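Peer 1: Got a structure here, written out as structure tokens. Questions coming.
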Amino acid sequence: MHEETTGALRRDAVGLREVLFQSVTAMAPAAAVAASIPAGAAFVGGSLPLAVLIALVSCLFTASCVAELARELPAAGSVATYAARGLHPAVGFLVGWGYVFVEMLVPPLLLLQLGFTAAGTLHEEWPSYPADLWWPWSLAGAGVIAVAGYLGVSASARFGTVLGIFEILVFLVFAFLLIGKVGSANTLSVFGTSHTADGYAGISGVFAGSVYTVLAFAGFEAAAPLAEETRDPRRTMHRAVLGAALGIGLFYVITTYAMTVYFGPDRFAKFGASGAASWDGVARSAFGLFWVFVFLAVINSTIANANACANVSTRTAFALARIRVLPRLLATLPPRNRSPVAGIALQTLVAVGAVLGLGFGYDPVTGFLLLATVIVTVVAGVYIVVNLACAGYCLRAGRAVLKPVRHLLFPVLGIAAFVPALLTAAGLPAFDFVTELTAPVSYAGPIVGVWTAVGVVVVLLLIRRHPERIAETARVHLETYDLADHRRDGTVPR
């Protein structure tokens, strides 16, 4: 029984390819291109490619910080461990508390999108199909993700790899077809400020668009919680996090450029996520049945993203349960596949409950918007803390580790990028382009506040009764397992 509840995750189960696509699919590239990024077009218009490029550079600062910490501290606790070592164990617990919460909400978010996208498209093609019959698709997706998680990290990560390759290929092929059709009308002016939307002229419009675009990059850190199951984790994690952020960022630039020049830079402010002025609409009008591939890529993206974030939530919950700051049951590992089965079961229950509760309590689109607002608000906050943790950890480590540009300047620039994104996601009108949230989406702020307050109460109780458990938040268990291995085989670690 001890082996089942306190053992290590399966070592060396996945390599660079799988963990790279863990981060790639967590960024949901197809769904981001088709739905998230066009939100910035209302402000930046045909200069959206420039806004995406600025968002890419901005996000690389934070990705660099995460990659540095992932190399120094390979742990399933990932961002919680980074904050604990770089700032304070209590801060690490609160980061983990928030991160587990929002990562458990990502699968229901994507399953709602899967449901209303599938039902809406089928109704459009065959009016006899009920537009409100979305929930069977959501439940089917939940079942697929649960089975993939139960089969183990190898199966789940490889499943994500296949899905990720498909959605990227579809949109790249579409992008190059668009660029080819444009011919001599291709122009680099979209990387300037001459095509911004009315009322947001020049750099102000580009800034507004880049803030909305930054949120499409969320998820690049999703490889980090698989550190204890990855071959050569210090090197692999660093390459996966940076590779995903850079690779998908360039994918966003290429696809956004292609659609902007094809649709027309000067009328791109009217481009959106649905209707004729959308990726789906252009695919239908210009390439006939190619829209089917675009549709399948977006559906594929929702499942891949949900699968990746289920891996993140269950591994982070396992790491916190292992040190008994979350219920010990969440650290249960059956000897055969060493997957956190209790965490997977809880994730599935949360997903199904949130999908059905929000989908029928409001409607699937409103439920999606409420969950999205909660998620991006917390994730942006986590990124800000991780930037601080990078600086704190490297300052504590001293000159042997500290590189001023990478470990001090980059965190400051990363924070500067995500503070506006945090305010925008929360609907706080710090800028004139921020729209105040209305009910029920405005409930996101109180939800985050209540969850954070509960976390503060829990951490205060733990500090008073079990301070050693909070201190364990900073522990990198992989180092302990390595030392135990060396003791068994009689070798001395380097």
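Peer 1: Find the relative contact order for the chain and round it to a whole percent, using C-alpha pairs within less than 8 Å whose residues are 6+ positions apart.
Peer 2: Details: 903 pairs, mean separation 160.5, N = 494.
Relative CO of the chain lands at 32 percent.
Peer 1: Given R₀ = 22 Å, what would the calculated FRET efficiency be for Arg324 paired with Arg11, taking r from the Cβ atoms and rounding to 0.05? Intermediate values should be presented prior to the final figure.
Peer 2: Working: r = 22 Å, r/R0 = 1.02.
Efficiency for this residue pair is about 0.45.
Peer 1: Could you do me a favour and compute the accessible area per residue for segment 284-406, 1.4 Å probe, result in Å²?
Peer 2: Numbers: 4600 Å² over 123 residues.
Roughly 37 Å² per residue, with all protein chains present.
Peer 1: What ³J(HN,Hα) values, in whole Hz, does the Karplus curve 6.51 cos²θ - 1.76 cosθ + 1.60 give for segment 104-112 when θ = phi - 60°, with x put for Gly and Pro?
Peer 2: Those phi angles translate into 6, 8, 5, x, x, 4, 6, 5, 5 Hz.
Peer 1: Then there is this: Looking at segment 351-487 from every direction and averaging, what is the projected area of its Cα convex hull in nm²?
Peer 2: Values: hull surface 51.9 nm².
Its Cα hull, projected and averaged over all orientations, spans 13.0 nm².
Peer 1: Still on this structure, I have one more. Using the Cα centre of segment 147-250 as the reference point, and only Cβ charges (+1 on K/R, -1 on D/E), how large is the resulting charge dipole? Debye, rounded to the nearest 20. Working shown, then result.
Peer 2: Values: 6 positive and 6 negative charges, 56 e Å.
The calculation lands at about 280 debye.
Peer 1: Separate question: Quick one, what does Rg over Rh come out to for segment 67-209 if you take C-alpha atoms and the Kirkwood Rh?
Peer 2: Ratio value, two decimals: 1.09.
Peer 1: Right, here's the next one. Once phi is turned into θ = phi - 60°, what whole-Hz ³J(HN,Hα) does the Karplus curve with 6.51, -1.76 and 1.60 give for every residue of segment 244-259, x standing for Gly and Pro?
Peer 2: 5, 4, 6, x, 6, x, 5, 4, 4, 4, 5, 5, 5, 4, 4, 5
Peer 1: Follow-up question, since we're still on this one. Go from 0 up to the bin containing the longest alpha carbon distance in segment 194-327, width 10 Å each, and give me the % of pairs per bin.
Peer 2: Percent of pairs per bin, in order: 10, 28, 29, 20, 11, 2.
Peer 1: Turning to a different aspect of this structure: Nearest 10 degrees is fine. How inclined is helix 153-182 to the longest principal axis of the chain, computing both from alpha carbons?
Peer 2: 20
Peer 1: While we're looking at this one, here's another question. What is the Rg over Rh value, at two decimals, for the chain, using alpha-carbon atoms and the Kirkwood definition of Rh?
Peer 2: Numbers: Rg = 22.1 Å, Rh = 22.8 Å.
In the chain, Rg relative to Rh is 0.97.
Peer 1: Still on this structure, I have one more. Using 0.36 nm per residue of separation minus the Cα-Cα distance, give me the extension gain between Phe287 and Leu246 in nm, one decimal. Please report the intermediate quantities before stating the final value.
Peer 2: Working: separation 41, 0.36 × 41 = 14.76 nm, distance 2.94 nm.
Result: 11.8 nm gained on full extension.
Peer 1: On to the next question. What residue among Ala380, Val44, Thr62 has its Cα farthest toward the positive end of the dipole of the chain, where the charges are +1 on Lys, Arg and -1 on Asp, Glu, each on the Cβ?
Peer 2: It is Thr62, whose Cα lies furthest towards the positive end.
Peer 1: Can I ask one more? What dipole magnitude, in Debye to the nearest 20, does segment 243-393 give about its Cα centre under +1 on Lys/Arg Cβ and -1 on Asp/Glu Cβ?
Peer 2: Values: 9 positive and 3 negative charges, 127 e Å.
So the dipole magnitude of segment 243-393 works out to roughly 600 debye.
Peer 1: Okay, moving on. Using only the alpha carbon atoms of segment 109-159, find the Kirkwood hydrodynamic radius as the inverse mean reciprocal pair distance, in angstroms to one decimal. Display every interim value, and only then the final one.
Peer 2: Working: mean 1/r = 0.0846 Å⁻¹.
One over the average 1/r among Cα pairs gives 11.8 Å for segment 109-159.
Peer 1: Given Cα pairs under 8 Å that are at least 6 residues apart, what percent is the relative contact order of segment 319-457?
Peer 2: Details: 107 pairs, mean separation 26.5, N = 139.
Relative contact order for segment 319-457 comes out at 19 percent.
Peer 1: Suppose R0 equals 60 Å; then what is the FRET efficiency for Arg469 and Ser442 from their Cβ-Cβ distance, rounded to the nearest 0.05? Can you show the working numbers first?
Peer 2: Values: r = 36 Å, r/R0 = 0.59.
Using R0 = 60 Å, I get an efficiency of 0.95.
Peer 1: Something else now. Could you check the simple spin-label distance between Ala430 and Val173, using points 7 Å along Cα→Cβ, in nm with one decimal?
Peer 2: Each label point lies 7 Å from its Cα, and together they span 4.3 nm.
Peer 1: Return the distance in nm (one decimal) between the two label points of a simple spin-label model at Ala39 and Val162, each offset 7 Å from Cα along Cα→Cβ.
Peer 2: 3.2
Peer 1: Residue-wise, which Karplus ³J(HN,Hα) couplings in Hz belong to segment 221-232, taking 6.51 cos²θ - 1.76 cosθ + 1.60, θ = phi - 60°, and x for glycine or proline?
Peer 2: Those phi angles translate into 8, 5, 5, 4, x, 8, 4, 6, 10, 10, 5, 6 Hz.
Peer 1: I need the Kirkwood Rh of segment 47-141: take the reciprocal of the average 1/r across all distinct C-alpha pairs and report it in angstrom. Don't skip to the answer; put the middle values down first.
Peer 2: Details: mean 1/r = 0.0598 Å⁻¹.
Hydrodynamic radius (Kirkwood, Cα only) of segment 47-141 equals 16.7 Å.
Peer 1: Moving on to the next point. With +1 on each Lys and Arg Cβ and -1 on each Asp and Glu Cβ, and nothing else charged, work out how big the dipole of segment 64-143 is about its Cα centre, in Debye to the nearest 20. Please list the in-between numbers first.
Peer 2: Working: 2 positive and 6 negative charges, 76 e Å.
Dipole of segment 64-143, to the nearest 20 debye: 360 debye.
Peer 1: In degrees, nearest 10, range 0 to 90: what is the angle between the Cα axis of helix 16-26 and the longest Cα principal axis of the chain?
Peer 2: The answer is roughly 60 degrees.
Peer 1: Okay, moving on. Would you grab the residues whose amide H sits under 5 Å from the one on Ala75? Only those 5+ places off in sequence or on another chain, please, with H modelled 1.01 Å from N.
Peer 2: Long-range HN contacts for Ala75: Ala227.
Peer 1: Counting pairs of alpha carbon atoms under 8 Å apart in space and at least six apart in sequence, what relative contact order in percent does segment 1-117 give? List each step's numbers first, then the result.
Peer 2: Working: 30 pairs, mean separation 10.4, N = 117.
Result for segment 1-117 is 9 percent.
Peer 1: Where in segment 19-34 does the label zone of Arg235 land, with the point 7 angstrom along Cα→C-beta and an amide N cut-off under 16 Å?
Peer 2: What the label zone holds, given the 16 Å backbone N cut-off, is 19-20.
Peer 1: Can you compute the FRET efficiency between Arg267 and Ala155 using 1/(1 + (r/R0)^6), with r the Cβ-Cβ distance and R0 = 51 Å? Round to the nearest 0.05.
Peer 2: On the way: r = 46 Å, r/R0 = 0.90.
After rounding, the FRET efficiency stands at 0.65.
Peer 1: Using the Cα centre of the chain as origin and beta-carbon charges of +1 (Lys, Arg) and -1 (Asp, Glu), tell me which of Ala146, Val261, Cys394 is placed farthest towards the positive end of the dipole.
Peer 2: Comparing the listed Cα positions along the dipole, Cys394 ranks first.
Peer 1: Counting only protein heavy atoms and a 1.4 Å probe, tell me what percentage of the chain's accessible area is made up of carbon and sulfur. Could the numbers behind the result be given before it?
Peer 2: Working: 13030 of 19460 Å².
Ligands and nucleic acids excluded, carbon and sulfur give 67 percent.
Peer 1: Oh, and also: Kindly list the residues of segment 233-267 that lie in the label zone of Ser189, defined by a backbone N under 18 Å from the point 7 Å along the Cα-to-C-beta vector.
Peer 2: Backbone N within reach: 257-267.
The values are calculated or read from the model by the stated rules, or taken from the named source; none is laboratory data. Predicted model, so just to flag it, every value in this text is computed and none were measured. No Cβ is skipped: glycine too gets one built from the backbone with ideal geometry, and neighbour counts run over all protein chains shown. Areas reflect the complete protein model, heavy atoms only, side chains present, ligands, DNA and RNA absent. Shrake-Rupley method; radii C 1.70, N 1.55, O 1.52, S 1.80 Å.
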